[in-house]
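Just below is one structure, and these are the notes that go with it.
The values are calculated or read from the model by the stated rules, or taken from the named source; none is laboratory data. Because the structure is predicted, anything quoted here is derived from the model rather than measured. A quick note on method: Cβ atoms are made from the backbone with ideal geometry, for glycine too, and the neighbour counts reach across all protein chains shown.
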Amino acid sequence: MFTLPQLLRAAATRAPDHQAVRCSGRWLTYGDVDRQADALAAFLSETGVVRGDRVAIYLPKRVEVLPALYGVMRAGAAYVPLDPKGPPRRAGLVASDCSIAGLITTRSLAERLLPQLDRRPRVVVLVDEDVDEPGEERTIGFDRAVGTSARPARDPGAIDIDPAYILYTSGSTGMPKGVMLSHRNALTFVEWCASTIGVEASDRLTNHAPLHFDLSIFDLYLSAHAGATVVLIPEDEAYLSTALAGIVDEERITVWYSVPSALQLLVSGAQGEPAFPSLRTIVFAGEVYPTPRLRELARRVPHATLWNLYGPTETNVCTYHRVEKVPEDDRPIPIGRACENTEVFAVTEAGARAGVGETGELYVRGSTVMMGYWSRPHQTAAALVDDPFERGSRARVYRTGDLVRLRPDGAYDFLGRRDHQIKSRGYRIELGEIEAALASVPGLREAVAVALPHERWDTEIAARVVLAPEASATVTAIKRHLSERIPRYMIPTIIELVDDLPRTSNGKIDRRRVSEELLRSRPAG
């Protein structure tokens with residue numbers, strides 16, 4: 001395979017009547033998705049969308065998502081997923097930044113987004129029931145768009161190094177930046193997943209991650225690679241424990257992939273032990289899985305194989321670890337070793353290759369590494385650099401900004417973000433180490449540690465903690481517990497007990513918002 005749409009064509013040829021996608025009681029077969037993607041690609045081409053253009057997908061989870069994604073790519077364009085739950089202003093910034101040529105959305109979302117754009121896209125496709133407004137300029141209903149052409153789309157000549165999609169991540173300046181991923185980037189990851197983790201046509205995968213989050217690539221395209229069924233989880237149910245548990249049981253899900261916090265919600269909604277008898281594989285990524293919670297997962301779903309994947313959006317996944325046994329103490333599990341198609345190494349502050357036991361920033365090289373940031377040449381140059389140990393090599397390596405430590409067995413431990421390493425009272429401190437200690441508190445469900453500015457110490461450490469419903473730990477008890485595990489200078493001076501933690505649209509803890517709220521609530525002086 002050379003492009004992602006070829007996965008769909010192959011699956012539709014093998015088993016056209018097999019269900020490709022399900023969502024909220026609706027479904028499409030591989031034959032349905034293939035025909036609709038072809039027709040949509042033909043329509044987009046006829047309206048002027050050409051190879052290299054960008055088309056925004058601004059949709060809630062629904063079965064039309066799949067033919068929309070494939071149709072855009074078959075037209076030779078790259079799709080740009082926008083967050084339907086996020087602020088319209090941010091969606092407008094993203095769509096304007098990459099100059100979208102087309103938009104696939106719903107009527108209500110279009111009314112929110114279009115006023116935010118500096119120019120209207122050439123075509124707007126509305127994925128609503130019974131939309132039929134041929135008189136509205138450059139706007140058409142999805143059913144009419146996929147029914148306007150019985151002939152296949154003109155081959156745009158797309159190749160494996162062309163952009164397949166652009167995923168926007170938060171930028172340090174407040175302006176989102178677009179990570180450009182090619183068909184080769186995505187297929188390298190998908191083919192590695194197929195050979196290492198393994199998915200079959202009989203499997204049923206969940207798509208929990210939002211479309212604008214890189215975790216979605218696993219579900220959407222690994223399912224097509226195997227000819228399996230992917231079940232899209234609606235945004236309104238994605239963080240409701242009983243709803244998630246119901247979907248897994250009712251849909252007989254066999255493969256689950258999400259961030260750890262979503263998995264913890266799933267487990268909390270489970271009934272009976274062992275839970276979720278259909279699950280055979282559980283994969284998690286995106287954040288550290290607290291070891292006590294991981295032990296609970298392994299106990300509640302003992303029949304499932306557990307995998308920890310690691311990698312920023314710029315590389316999708318670059319290391320992995322199969323969890324054979326969860327540590328009995330509270331040490332975090334490793335992020336593992338390099339995927340077979342990828343090279344990783346760590347570089348110390350002195351610029352040397354980190355050896356066993358040494359800390360360094362992780363660098364990644366391989367065909368999963370991004371093409372670059374859309375229209376950000378300076379940021380691209382800072383992230384994709386020459387190999388520091390192979391002068392003259394044409395291959396670029398990606399600086400992750402993540403600190404790791406090499407273990408004797410060749411796996412890496414994740415220590416935290418380079419920008420999460422702080423200095424307080426003269427000490428260099430990893431916030432991740434504090435969070436790992438917090439995770440060992442009995443009855444604690446979730447925690448985050450952040451650094452706040454301080455007049456005397458430069459930096460003050462604060463934490464917010466979410467306890468399980470039955471837990472009764474106090475702030476004093478938590479600090480006493482921490483004092484047995486980390487030095488006194490690492491114990492947060494501020495610990496707040498809260499009912500929940502704010503999250504980004506990707507489901508990760510929103511550290512920036514936690515810091516802002518703590519600053520506002522911190523007593524003066």
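Couple of notes before you dig in:
- Test: residue in segment 280-287 that is among the basic types (Lys, Arg) and either in a strand (DSSP E or B) or within 29 Å of residue 469 (Cβ to Cβ) (or both): no
- Filter pass, residue 134 being part of a loop (DSSP other than H, G, I, E, B), surrounded by fewer than 21 Cβ atoms within 10 Å (Cβ to Cβ) and at pLDDT below 95: yes
- Lone qualifier among 286, 269, 246 - being small (Gly, Ala, Ser) and in contact (Cβ under 8 Å) with a residue 60 or more places away in the chain: 286
- So residue 337, is it touching a His at 6+ places or on another chain (Cβ under 9 Å), assigned to a strand (DSSP E or B) and over 25 Å from residue 165 (Cβ atoms): yes
- For segment 415-431, the candidate set comprises residues that are modelled with pLDDT under 75 and assigned to a helix (DSSP H, G or I); within that set, the residue that is surrounded by the fewest Cβ atoms within 10 Å (Cβ to Cβ) is 419.
- Taking the criterion of being at positive phi and surrounded by 18 or more Cβ atoms within 10 Å (Cβ to Cβ), the residues of segment 336-371 that qualify are 336, 366.
- Tally, over segment 374-395, of residues that are farther than 26 Å from residue 431 by Cβ and within 23 Å of the chain's Cα centre (by Cα): 5
- Scanning segment 93-112 for residues that are of a type in the set (Gly, Ala, Ser) and not in a strand (DSSP E or B), we see that the one that is surrounded by the most Cβ atoms within 10 Å (Cβ to Cβ) is 95.
- Residue count for segment 72-86 under the criterion of being in contact (Cβ under 8 Å) with a residue 60 or more places away in the chain, over 19 Å from the mean Cα position of the chain (by Cα) and either part of a helix (DSSP H, G or I) or under 26 Å from residue 238 (Cα atoms) (or both): the result is 2.
- Of all the numbered requirements in (1) at pLDDT 95 or above; (2) in contact with a strand residue (DSSP E or B) (Cβ under 6 Å, 6 or more places away or on another chain), residue 185 misses one, and that requirement is (2).
- Which listed residue is of a type outside the set (Ser, Thr, Tyr) and more than 25 Å from residue 28 (Cα to Cα), from 83, 97: 97
- Number of the condition not met by residue 327 [criteria: (1) within 23 Å of residue 289 (Cα to Cα); (2) under 20 Å from the mean Cα position of the chain (by Cα); (3) part of a loop (DSSP other than H, G, I, E, B); (4) not basic (Lys, Arg)]: (2)
- Count of residues meeting criterion [surrounded by 15 or more Cβ atoms within 10 Å (Cβ to Cβ), without any contact (Cβ under 8 Å) to a residue 60 or more places away in the chain and assigned to a loop (DSSP other than H, G, I, E, B)] in segment 494-525: 3
- Of all residues making up segment 361-391, the number that are closer than 17 Å to residue 344 by Cα, in a strand (DSSP E or B) and in contact with a Ser or Thr (Cβ under 8 Å, 6 or more places away or on another chain): 7
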